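Beneath this line is the structure, given in structure tokens, with notes to follow.
The values are calculated or read from the model by the stated rules, or taken from the named source; none is laboratory data. Just so it is clear, the structure is predicted and the values come from calculations on it, not from any experiment. Please note: Cβ atoms are built from the backbone with ideal geometry, for glycine as well, and neighbour counts cover all protein chains shown. The protein model used for the area step is the full one, side chains on, heavy atoms only, and it has no ligands, DNA or RNA in it. Shrake-Rupley method; radii C 1.70, N 1.55, O 1.52, S 1.80 Å.
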Amino acid sequence: MDPLILTQNWLLGCVKRNIPPLATLSSKDVLHLKSGNQQRNKNKMVCVMRVIKKEARDKNVWIEKLADWTPEKVMVMWDVVSPVLVAKYLKNVKRPKETAWSNLFKKMSDASAFDNRRKKRGKRQSDSLG
């Protein structure tokens, strides 16, 4: 699944397959899946979508209310955000439009795109002590 499909599934789901938007699922909703990786994958998807949301907000193309997203609005947002993602995280990838969302996650992780609140909180406390 590429990042565009992840974004569409995250915001819209799939009516044809009776799948709700992934953004509405909690960890309890994936407990029945046998693979232990399912929750880990959901967490990684959350991280990727958090970065996409931040970039979309920066470009003023993010819609806060989940119910207001349509396929057209997702594509408008994606057309604005995807060049930013390619420039920041997929520079050296030969076919960035074909990369899997999990590869984008790895590239984002390598680039320290995910804000680690625990580390920041600990650093602020140690900075204030010293």
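Summary table
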read-out	value
Yes/no for LYS91 being touching a helix residue (DSSP H, G or I) at 6+ places or on another chain (Cβ under 6 Å) and either in contact (Cβ under 8 Å) with a residue 60 or more places away in the chain or not small (Gly, Ala, Ser) (or both)	no
Extreme residue, most open to solvent (accessible area, probe 1.4 Å), among residues of the stretch 1-23 that are more than 13 Å from MET45 (Cβ to Cβ) and not in a loop (DSSP other than H, G, I, E, B)	ILE19
Every residue from the stretch 54-75 that is open to solvent by 30 Å² or more (accessible area, probe 1.4 Å) and within 15 Å of TYR89 (Cα to Cα)	LYS54
Index of the failed condition, LYS94 passing every other in (1) basic (Lys, Arg); (2) at pLDDT 95 or above; (3) more than 17 Å from LEU6 (Cβ to Cβ)	(2)
Residue within the stretch 107-116 that is open to solvent by 60 Å² or more (accessible area, probe 1.4 Å), closer than 20 Å to LEU11 by Cα and modelled with pLDDT of 90 or more present	no
